[in-house]
Each structure stands twice: as C-alpha cells, then as structure tokens.
Amino acid sequence: MKPNILFLVIDSLRADRVFGKEKNQNTPNIDALIKKGVYFSNAITTNPYTGQVMQSIFTSKLPLVDRITKKSHLKTNSKTNPLSLLKNAGYNIVTTTQEDVFLHGFDQKFDDKDIFDSEENLYNGLSERILKKLNSLNEPWFYYIHLEDLHLPC
C-alpha cells in the first residue's frame, strides 16, 4: 500500500515561531504533524517570490538555470518532475490553492483542483472545504495545500 502524501505550504509562516528552541507559539496541530510526518528543519529558498519557489519545488530545478517561464515551467522535463513521477506511480494529484499560484501554470498537472480567491481563508470556509476534500480522496493521493492566511496583501 502506497502512503498518502500531504504537502502543506503555509505562505509567510516563520519557522522560528513554531519550531525549535526559540519557539514562541502554541501549535499543537503542527507539532503533531511534525511528530508523525516529515519536517524539513533546514530549508533554503530559491527565490523570494512564492511562484518561483513553487516552480522550483515542482520541477526540481533552479528557476534561473532552466529559464523557467510562467507558461512552460512544468512542461520542462515533464516525465521526471515530481508531480509526473507521482502520477505515473498511480497517485491521485490534488490541490487546494489560491488562484494566484495557478498563474504560474501549475493547473496542468493536477487531477483535481480546488482554487480559492485571495479573500478566502481558513476562517471563512476554506478549512471545511479542505476537510471535505480529504474525506473524498481516492488513495493513494498527493494533496498539495497552499495556505495564504498569514501573507499580507501585496
């Protein structure tokens, strides 16, 4: 049986507030996810902009090396990018993502897309949508959730 994969991105969350010796917030749910799953305690970003960072994660390439553009980044080396590898391994590829992330071309790799607008957040219905989606997924699944609740408006 293949494990399900939850890939949770909380845009603008500072790791030093929720993990490690200097932690100053009470985060029981994040603590439980860290204890039961995989947590990357040492990460370096490829770019200060979310879209380019997610491009790097989903292509396993640096944006400047591959000259990734908004429209073609996931087409590059499409048979070996992480989402294609998961799809070829039989995973149902699902996302709940803010609409701006899809401006970077991510929509073409997902079997099921729940796109929310910039006004939606966990406190006004998004959490219920995510839980409903989790309960309806066909296994095995890869579920990418990208939350923007902490991100200030640009």
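Key figures for this structure:
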read-out	value
Efficiency of FRET from Cβ geometry, ASN138 and LYS21, R₀ 35 Å, rounded to 0.05	0.30
Label point distance in nm, LEU150-VAL9, each placed 7 Å from Cα along Cα→Cβ	1.5
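A short reminder: the numbers here are calculations on the coordinates, not readings from a lab. These figures come from a predicted structure and were not determined experimentally. With ideal geometry, Cβ positions are generated from the backbone for all residues, glycine too; neighbour counts draw on all protein chains shown.
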